[in-house]
Amino acid sequence: AQSVAQPEDQVNVAEGNPLTVKCTYSVSGNPYLFWYVQYPNRGLQFLLKYITGDNLVKGSYGFEAEFNKSQTSFHLKKPSALVSDSALYFCAVRDGGDAGNMLTFGGGTRLMVKP
Amino acid sequence: DTGVSQNPRHKITKRGQNVTFRCDPISEHNRLYWYRQTLGQGPEFLTYFQNEAQLEKSRLLSDRFSAERPKGSFSTLEIQRTEQGDSAMYLCASSSRGNTEAFFGQGTRLTVV
């Protein structure tokens with residue numbers, strides 16, 4: 001079975017400061033890891049993914065994430081937060097391979113960026 | 001717009017009624033997924049189609065739920081004899097073989113009163 005933990009329900013950061021949203025995972029095989037963002041009353045928007053290769057992956061809107069196999073983590077980061085980054089962020093995992101794309105999501109972390 | 005489209009966006013129904021939702025995936029995507037998201041939670045997988053074949057069903061998908069994807073294009077999700085616990089956002093996503101990320105629609109919010 002695969003699982004994802006997002007230990008923080010909410011992260012508060014001042015505009016212009018760096019942000020980190022934490023994610024740890026558990027999967028039996030090689031992990032495929034994803035970050036999605038959700039704005040109010042909207043669906044999920046893809047931000048970035050880790051499949052293989054460099055541990056630091058870059059995505060949309062200046063976000064990046066670092067894969068750490070030994071710590072089974074995939075934390076989302078941004079060097080300088082914007083007020084418009086305020087939203088709900090979800091980390092997701094699936095087992096590698098081509099068995100489908102069934103994702104297991106974490107419970108989400110609300111990011112609040114204050115001006 | 002060539003994204004995933006879901007209709008209706010909102011549905012309010014009385015307990016015991018049947019409801020049906022529609023999802024139109026991105027046209028070249030052969031894989032289609034349904035997820036359910038309750039307030040304050042992450043999405044939970046319900047079912048997966050590859051073309052017209054339903055290849056995976058979650059234990060969350062009780063016998064009151066049925067999904068179809070005739071001809072491997074759009075999909076419908078029907079809930080029979082709705083219960084208040086069915087109130088949630090129902091999300092559809094699609095992906096193509098070799099494209100590992102799924103793209104989500106805006107969801108259908110169901111309220112059972």
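The values are calculated or read from the model by the stated rules, or taken from the named source; none is laboratory data. Please read all numbers here as calculations on a predicted model, not as lab measurements. Note that we place each Cβ from the backbone using ideal geometry, even for glycine, and neighbour counts take in every protein chain shown.
Observations on the structure shown:
- Output for segment B:47-61, where each listed residue is within 20 Å of B:Met89 (Cα to Cα) and either surrounded by fewer than 15 Cβ atoms within 10 Å (Cβ to Cβ) or more than 10 Å from every other protein chain (Cβ to nearest Cβ) (or both): B:Lys57, B:Arg59, B:Leu60, B:Leu61
- Wholly enclosed strands (runs of 3 or more DSSP E) of segment A:14-115 bearing at least 2 residues facing chain B (nearest Cβ under 9 Å), under 21 Å from B:Gly107 (Cα atoms) and not aromatic (Phe, Trp, Tyr): A:44-50, A:87-95
- Considering A:Thr52, A:Thr72, the condition of being at pLDDT below 95, over 21 Å from B:Ser94 (Cα atoms) and β-branched (Val, Ile, Thr) is satisfied by A:Thr52 alone.
- Search result, residues across segment B:68-113 that are surrounded by 21 or more Cβ atoms within 10 Å (Cβ to Cβ), β-branched (Val, Ile, Thr) and within 13 Å of another protein chain (Cβ to nearest Cβ): B:Thr108
- Boolean, A:Ala65 is buried (at least 16 other Cβ atoms within 10 Å of the Cβ), over 25 Å from B:Ala88 (Cβ atoms) and of a type in the set (A, V, I, L, M): yes
- Test: residue in segment B:6-21 that is more than 18 Å from A:Gly43 (Cα to Cα) and within 13 Å of chain A (Cβ to nearest Cβ): no
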